[in-house]
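Where a number appears in this text, it was derived from the coordinates with a stated rule and is not lab data. Bear in mind that the values here come from a model prediction, so they are computed numbers and not experimental data. Here the Cβ positions follow ideal geometry from the backbone for every residue, glycine too, while neighbour counts run over all protein chains shown.
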Amino acid sequence: MNQIVPLPPKLQLTSNRLTLTIAALGLLGFLDASYLTAKHFLGGSVRCLLVEGCDVVTGSQYSTIGGVIPVALLGVLYYSLILTFIFLHRETGRDLWWWLLAGWSLLGLGFSGWLLYLQAAILGAYCFYCLVSAGISILIFLLVFSRFITRKKF
Amino acid sequence: MSIIKETKQERSLRKSRERVVKKFILLIIGLAALVALIFGVVWSAQQSGTTSGPQTVKVDLASITADDHVLGTPGGVTLIEYSDFQCPACAAYEPLVKEVVADFRDDLLFVYRHYPLPQHQNARLAAQVSEAAAVQGKFWEISTLMFANQTAWASQSPTTARVTFASYASELGLDMNRFEADLVSEAVAERVERDYLSGVQARVSGTPTFYLDGVEVKARTAGEFADLIEAAIKTKNNEPNSSTTTQTTVNE
């Protein structure tokens, strides 16, 4: 078991606002994905705001992995881990958690890209809550990686 | 002396670690509670929606189009079935539905719609196969084969099931080149998806689901179906003019 070595307080303070923003986004994404998962399991149409064809998206064959695991549930898992990593980073101050966060958010970015492609090119329909989730994961990615650029010593 | 100092440090480390673990557990509990809350809200919203919303009493199913799979005669009552070739209950209903359709062939229009459940691994493929056969006019023939041999292909892997389905197609004397081309065509995939989505819209919750003139009905036997259909014909005839209903009422 490694020892927990807290970072100097200065370093923690500077990233405070950033981590809080990411945590807030993660929570928002978590709620969004939970709603879509609830709708998947309980049935019924998702509320369609601003766009058309929400049911086309959530009812399509791409809405589950192998017909078993709903993509929305993967979203819940994704945001849970985002929140976990950001929490552990804040609590311990260890860089490892930020690296994990970075890797995980990159994965999320890629998956969101794939889902956006499916909606735009294959289904030709969009689902509002799916777009919100894609937007959030892109923002999280940008914020997480912004720290690599603004901080020379990491 | 140094030993005491170290243990102090260790203790503070241990304490801070315990604090993190505690907070983490709280975080997990909080997230789980949030999920439960959302499920509860969605569920209760749906409950109130189904009881008070007048539009849910009579489902406005998409109008019957020329490429819908129909049996019987239009003009009378309409029975729509949302079905899945891999669902055992649907297979059990198949002969029963055929019997009812034959009995009421002059007053009933039967519509078969695909509702391949995601948990049935070969259901969507089966639906697409039936659509590829429908291009060559053999929809009902292949659907009979699908249901009759359901147990044989349901447990097969999709690749093996595809071979099995192809054997049904050739058994029916289909042009196999055309069948194979249609099977992977976008038109066929979209046709199945269209049915599925109309089912989603109608809030189909399982298979088979039957709608008699837009109202969901449940029947376990051909007799129960006959009662429902007779009642529907009666109300339908009552609406425009009541003079034509005498025949159906005297019979029983």
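Descriptive notes on the structure:
- Volume per residue of the C-alpha convex hull in chain B, rounded to whole Å³: 206
- Each part gets one Cα centre, and for the stretch A:67-129 versus the stretch B:110-177 those centres are 37 Å apart.
- Average beta-carbon neighbours from other chains, 10 Å sphere, peptide A:84-93: 3
- Peptide-level mean, for B:202-211, of C-beta atoms on other protein chains within 10 Å: 1
- Highest average packing first - B:111-119, B:150-158, A:87-95, Cβ atoms within 10 Å: B:111-119, A:87-95, B:150-158
- Working note: Karplus 6.51/-1.76/1.60 with θ = phi - 60° gives the stretch A:137-148 the couplings 5, 5, 4, 4, 4, 4, 5, 4, 7, 4, 5, 5 Hz, where Gly and Pro are set to x.
- Whole-Hz Karplus values for the stretch B:137-148 come out as x, 10, 4, 5, 5, 6, 5, 4, 5, 4, 5, 5 Hz, taken residue by residue from phi with 6.51 cos²θ - 1.76 cosθ + 1.60 and θ = phi - 60°; glycine and proline positions read x.
- For B:T160 and B:K234, the difference between the fully extended length at 0.36 nm per residue and the C-alpha to C-alpha distance is 21.8 nm.
- Under 5 Å from the amide H of A:T64 lie the amide H atoms of A:V71, each residue being 5 or more positions distant or on a separate chain, with H modelled from the backbone and absent for Pro and chain starts.
- Karplus (6.51, -1.76, 1.60) ³J(HN,Hα), θ = phi - 60°, over the stretch B:79-94, in Hz, Gly and Pro reported as x: 10, 10, 10, 9, 9, 9, 4, 9, 8, x, 5, 5, 5, 5, 6, 4
- Peptide A:30-36 is shielded by partner chain Cβ atoms: per residue, an average of 4 of them sit within 10 Å of its Cβ.
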